Structures are given as structure tokens and as C-alpha cells.
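Below is one structure; the comments refer to it alone.
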Amino acid sequence: MSLYHRPIPIFWWLERRSYLVFVLRELSSVFIAWFVVYLLLLINAVSGGSAEYERFLDRSGHWWVVAINVIALLFVLLHSVTWFGLAPKAIVVRMRGRRVPPRLVAVAHYAAWLVLSAVVAWVILR
Amino acid sequence: MTTRRPPAPEPFLWLLFSAGGMIAALFVPVLLFLFGVAFPLDWLTPPDHAHLLAVLRNPITRLVLFGLCALALFHWAHRFRYTLYDGLQLKRFSVPIILFCYGGAVVGSIISAYLLLRV
Amino acid sequence: MADQITLEVARYRPGLDTEPVMQSYQVPLREHWAILDGLTYIKDHLDGTLSFRWSCRMGICGSCGMTVNGDPQLTCATFLTDYAPGPVRVEPLRNFPVVRDLVVDIGDFMEKLPTVKPWMIRDVDSPVEEGEYLQTPEELDEYKQFSMCINCMLCYSACPVYALDPSFVGPAAIALAQRYNLDSRDEGAADRDDVLTSPEGIWACTFVGECSAACPKDVDPAAAIQRYKLTAATQAVKNFLLPRGAR
């Protein structure tokens, strides 16, 4: 019997919007890795003394560094939003023997995000 | 209890991926916004050197930042590995991909530990 | 409302065609007609050679899954009027070999399904005289959602991981394994673990989530898989850290 097997195009994720969003979500990991590199450069500059820290601040103002960071921020936000959206599917929380509604678990994640962001901003800006 | 296979790496890699995804989702947006966008564009005044140095010398900061760097790198390693497998259909090169991704995460974690201890 | 709508149907005649070709048919556009009614009209009045599968016509047998305008759908539960003025593209389910026209080979799923042992497993069956195994409504709620699966395979059709690697156990089979794992009367979780935690099992899933979006019965296979990942990973850590007796 001659069965027909549909070939899969190399860029199969361009065929559906949801597949494209999925691949963009997965690519956010590259920008998270970039952030780690950027953070390590900052830490290195701070330990190198006040002059080196100033140089880091100057360099971070270059238009292309800002451009990379703006794109990275958009991808990182995509990561956070999709992550908090999907986490309640894996994490089942029980209180007094009853399952906490997944929506509430998601709300708790957003609350934690808000509080931790505020704490980090306070530590840095205070 | 049935006899178990030797522990496969996948559950542990997935846990590192998940922990990294969670810590990155919580901490990266605010840090990247401040140091990557808000300070460079003068929306906010960057903290002075002495203040950042004091913050970085606090052992709790170092611990949190090390956890963030190492776990976020393992998050990248795991996700990027599967992105190459599926997105570009490169599963046949799984051995070099695994070495590059997780190897990169291990090296990156060691560098983060070194830089944080040196502050 | 126009009284006709065009169905563009994928035709594949093994031995004659090397790949499917699209053929257009005009069918009546009636308010309560599903895509399946349109196909039946073609078969009865226009072209008796068209092949497609169907059985119950009420969304429970899971036979009439096809790709409608690019989306996996049960054709008995998808209405022509929702696609007016048309044309509507009807193709076989993606990710399965096509036997003829809209009929796909479902052998792969039929072989995989029993490997996850989707039935009640007990260490010791209690005697019939003791009556049924009792269960509270809360215990029922734990797995009820996953028991709604009708094996229609729309989730496999939506899953890019399965498309790229057909050895993947797949959404429905894993969701059905979880349907029994989460049942308070079942004691077979350890028996299912080997297949579920194999490289072709849960770890192959990258949580695209399209299986859950495609499901006509609101089963959430993606959630079933992620939950089992967490269960399996927690168990792996326990096995690693704790001595044998304490697990």
C-alpha cells in the first residue's frame, strides 16, 4: 500500500501563529543567556573600581547596546508572561485537601513577581 | 519497589530548567529594565559605585545572583537544546548540541561564581 | 445567505497520485449542516469515490477528525455556516500517513495506547462480595477531565513534537495514563512509569500547548504531561537522595 507522508518544511513554525509564538517563547532563552552575560559584565565592572563602572555605564548607553537590551526585555517579558501562564498547569497546589484553582496559582505568581521586582528596585535605587 | 534503571539525567535537567525559568521570570525583567534600558536612557539616575559595591558584597546578594546566573544558564541550555532539535530539526547532531548547551551552562556558572567571589 | 458553499477537498488515490490534489465541490449551505454533512452530500450526490471516516455524527466516536482550513477539527462538530462564504479546505489529519483521500492510518496510535496501560490496575483485587471500590466526588474530580478523551487524535495532529519525531508517545496516550494514575482506585502508576519517563515519553514534550487547544473535549493533555514531569522529577530526586527503604 502506498501511503502518503506529508513532508515537514524546515520552517514549519511559520505555518501557524501559535507555532511561531512557541518558537519565539523558546528563543527567549537566548536573551536570558544574554542578560546573564550583561550582568556578569556589570559585576566585573563594579569590582574593577569606580572608573571601570563609569566606563560600563557609558558603553551601556551606546545605541546598539540599548537596542539589544530593548529587544531582550521584550523577549524576557514574553518569557515571564508565558511562564506564569503555564506554571499553574504543572504545579497543583492543595490547601486543606482541596485543589487551589489554577487561576489563583497564576495570580500568586504575578504577585510574587511584583513584590520581588519592587524589592530589587528598592535595593538598587535606595 | 520494582528495580529501577540507573537515574537518567533528564529529570534533573528538567528541574534545573524549571528552576531557572522561574527565577529568570521573577528577577530578570526588573534588572534588565533598570540596567539595560532605564539607566542608559537616563530615565532614572544610576546608583553610585560605592552603593553597588556594598550591595554586591552582601553575601545574600551574592547567593541570589549566583543562583540566578547558574540556573538561568541551565534554563537556556535546556530550552535552546530543544529549540535546535525541533525548530531547526537538528536532532541528529544531539551530542555536540548537548555538549555545547550544558557545557556552556557549567562554564558560565563557574565564571559567575568566580566573578561574584572576587567582588 | 448564499445557498451554496465550496468545499476544497484533498484527494489522494494511492497508486495514481504521488501527492494529494485539491478538488472543489459545491454543496448546499444549510444552517445545521456540519462539514461532515457536506462530505456526505458529495459522496451521495456528486462523487461516490470520495473516502472519509465517520461513525456517530455526535462528537463522541472520534472517527471524523480532519484538517479544516488548517485546524484539526471533528468534522461532525464543525459547521459550514461558521466558514461562510467559504471556500472551506478539508484535508486529512496532519502527522498521520494518508491511506486515501481523507482517511489516515491510525495504526501508530493504536499501538502506543496499550503501552501506557490505560486501564485499572490493582495489586490485589478485592472480592466481588465486598462491593464496588468507593470514591468521593473530590477523588473523581482529580481525573475526570482526562477521562473525557475520545481517542480522536486531533492532539497528535496538532503536536509539532509528534510531527518531527513519530516515536513520541504523544498527548492523548500520556493524558490517558494520567487519567488512571490520578484515580484513587488505581495502583498501577509504577507499571506505567517506564514508558512515560522514557526518552519518547514526557521528556520529549516541549509544552507547545497546541494539543490542549485542539482537543474537542476540553481535555488538557499538555497539563497532564507537565504534571507528570513534576511528579517524575520529584520522584527522581527522592530516589537519588533517600535510602531505598524511605522512598
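Key figures for this structure:
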{"item": "Single condition C:Glu138 does not satisfy, out of (1) within 13 Å of another protein chain (Cβ to nearest Cβ); (2) of a type outside the set (Ser, Thr, Tyr); (3) more than 27 Å from C:Tyr12 (Cα to Cα); (4) in a loop (DSSP other than H, G, I, E, B)", "result": "(4)"}
{"item": "Subset tally (residues that are over 19 Å from C:Ile5 (Cα atoms), surrounded by fewer than 19 Cβ atoms within 10 Å (Cβ to Cβ) and within 14 Å of chain A (Cβ to nearest Cβ)) for region C:50-85", "result": "1"}
{"item": "Yes/no for A:Arg25 being surrounded by 14 or more Cβ atoms within 10 Å (Cβ to Cβ) and modelled with pLDDT under 95", "result": "no"}
{"item": "Sole residue being among the basic types (Lys, Arg) and either out of contact with any Pro (no Cβ under 9 Å at 6 or more places or on another chain) or at the interface with chain B (Cβ under 9 Å from one of its Cβ atoms) (or both), chosen from A:Arg99, A:Arg6", "result": "A:Arg99"}
{"item": "Any hit, region B:88-104, residues being more than 9 Å from chain A (Cβ to nearest Cβ), farther than 27 Å from C:Phe168 by Cα and buried (at least 16 other Cβ atoms within 10 Å of the Cβ)", "result": "no"}
{"item": "Some residue of region C:236-243 being within 14 Å of chain A (Cβ to nearest Cβ) and among the polar types (S, T, N, Q)", "result": "no"}
{"item": "Residue selected from region A:9-22 under the condition more than 7 Å from every other protein chain (Cβ to nearest Cβ) and not in a loop (DSSP other than H, G, I, E, B), by the criterion surrounded by the fewest Cβ atoms within 10 Å (Cβ to Cβ)", "result": "A:Arg17"}
{"item": "Complete set of residues in region B:34-57 that are in a helix (DSSP H, G or I) and facing another protein chain (nearest Cβ under 7 Å)", "result": "B:Leu34, B:Phe35, B:Gly36, B:Val37, B:His49, B:Leu52, B:Leu53, B:Val55, B:Leu56"}
{"item": "Residue in region C:218-229 that is part of a loop (DSSP other than H, G, I, E, B) and either farther than 30 Å from C:Arg57 by Cβ or more than 11 Å from every other protein chain (Cβ to nearest Cβ) (or both) present", "result": "yes"}
{"item": "Residues of region A:31-50 satisfying the condition of being over 26 Å from B:Cys101 (Cα atoms), within 9 Å of chain B (Cβ to nearest Cβ) and out of contact with any Asp or Glu (no Cβ under 9 Å at 6 or more places or on another chain)", "result": "A:Ser47, A:Gly49"}
{"item": "Residue satisfying condition, being in the same structural domain as C:Thr136 (by TED's automatic domain parsing), farther than 25 Å from B:Ser94 by Cα and surrounded by 24 or more Cβ atoms within 10 Å (Cβ to Cβ), within set C:Cys211, C:Cys159", "result": "C:Cys211"}
{"item": "Answer from A:Val92, A:Val120, A:Val115 - the residue that is assigned to a loop (DSSP other than H, G, I, E, B) and either more than 9 Å from chain B (Cβ to nearest Cβ) or crowded, with 16+ Cβ neighbours inside 10 Å (or both)", "result": "A:Val92"}
{"item": "Residue check for A:Val81: surrounded by 13 or more Cβ atoms within 10 Å (Cβ to Cβ), within 14 Å of chain C (Cβ to nearest Cβ) and closer than 19 Å to B:Leu15 by Cβ", "result": "no"}
{"item": "Scope region C:185-208; condition outside any helix (DSSP H, G or I) and in contact with a Ser or Thr (Cβ under 8 Å, 6 or more places away or on another chain); matching residues", "result": "C:Glu200, C:Val208"}
{"item": "Residues (buried (at least 17 other Cβ atoms within 10 Å of the Cβ) and under 22 Å from C:Ala177 (Cα atoms)) located in region C:97-108", "result": "C:Ile106, C:Asp108"}
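The values are calculated or read from the model by the stated rules, or taken from the named source; none is laboratory data. The structure displayed is predicted, hence computed values, not measured ones. Every residue, glycine as well, gets a Cβ built from its backbone with ideal geometry; the counts of neighbours run over all protein chains shown.
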